[in-house]
Amino acid sequence: MTNVLMTAPTVRPRKSPPRLRNRRTSHARPTRSILLTVLTALIGLYALIPLVWLLINATKTQPDLFSSFGLWFSGDFALWDNIVGVLTYDGGVFGRWFLNTLLYVVVGAGGATLLALLGGYGLAKFNFPGKRAVFAVVIGAVAVPGTALAVPTFLMFANLGLTNTPWSVIIPSLISPFGLYLMWTFAADAVPDEIMEAARIDGASEARTFFQVCLPMMAPGIVTVLLFTVVATWNNYFLPLIMLRDPDWYPLTLGLNAWNAQATTAGGEAIFNLVIAGSLLTILPLIVAFLLLQRYWQSGLAAGSVKE
């Protein structure tokens, strides 16, 4: 009997498909404009140079401020000494001014954001008689500068006996026409009417629909309005200037200006190094707020970019 040799069938390797070459897309790359690049660089320098000057000069002593170049450090690094001097000068009044500013921001800017949120949501999602008139009033209020209303506001608060009190700064800060208009336009696009109708069909009340459905969608707009109102209240100078006479109720802006004016008064002490160091401490909370809340801005930039 002959042995039959079984040979395994030869398996030919499959030919791998040809590699797909990266084809250039038909879209042309955006052209770079040298003029726009130069203008952007100039604007960036214009914004950064004052901050660099403030940071550098906060490290100098009083004599070095006038004997050294403004955009470079001097021999003695006195940043810590200046900070300690700011916090301890005149019985530590800088801390009182900081707490006053924090009070005006939390109550004034926080209340302005809350009122803008409620008003903007109501104007965007509900129809009522006179809505066009309200829109015209809001646009007109945005166009009126705050300094034009300073004297009437002062006279009104003087008749009410509220001048030289924290309420004379907090109550005007509660009104933000620009924040109301911004929340109005944002809520109109960020909150679809279909989602609200679905929540109502499921039995949700108007309050539950607002807090659980609509409020998370409006988070980027809320943060934007909050930052605008916080910066406006934190840097507010003219309103406290005409409303407050007691230094114990001064905000940081008015207090630092009082320190700066000491050099021009008879027998006053020039403390420009403390003014500069105090200004540096004043802007640090705003920088921290922007860094912590910028992710909400980034999420807001993508709102509406997905095609439904």
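Here are a few things to note about the model shown:
- When we screen 149, 162 for residues that are of a type in the set (A, V, I, L, M, F, W, C), outside any helix (DSSP H, G or I), closer than 21 Å to residue 244 by Cα and in the same structural domain as residue 210 (by TED's automatic domain parsing), the only hit is 162.
- Residue in segment 221-237 that is over 30 Å from residue 124 (Cβ atoms) and either assigned to a loop (DSSP other than H, G, I, E, B) or in contact (Cβ under 8 Å) with a residue 60 or more places away in the chain (or both) present: yes
- Restricting 242, 195 to residues that are touching a helix residue (DSSP H, G or I) at 6+ places or on another chain (Cβ under 7 Å), free of Cβ contacts under 8 Å to residues at least 60 places away in the same chain and in a helix (DSSP H, G or I) narrows the list to 195.
- Selection status of residue 96, under 30 Å from residue 209 (Cβ atoms) and either under 19 Å from the mean Cα position of the chain (by Cα) or not acidic (Asp, Glu) (or both): no
The values are calculated or read from the model by the stated rules, or taken from the named source; none is laboratory data. Computed from a predicted model, the values in this text were never measured in an experiment. Quick reminder, even Gly has a Cβ in these numbers, built from the backbone with ideal geometry, and neighbours come from all protein chains shown.
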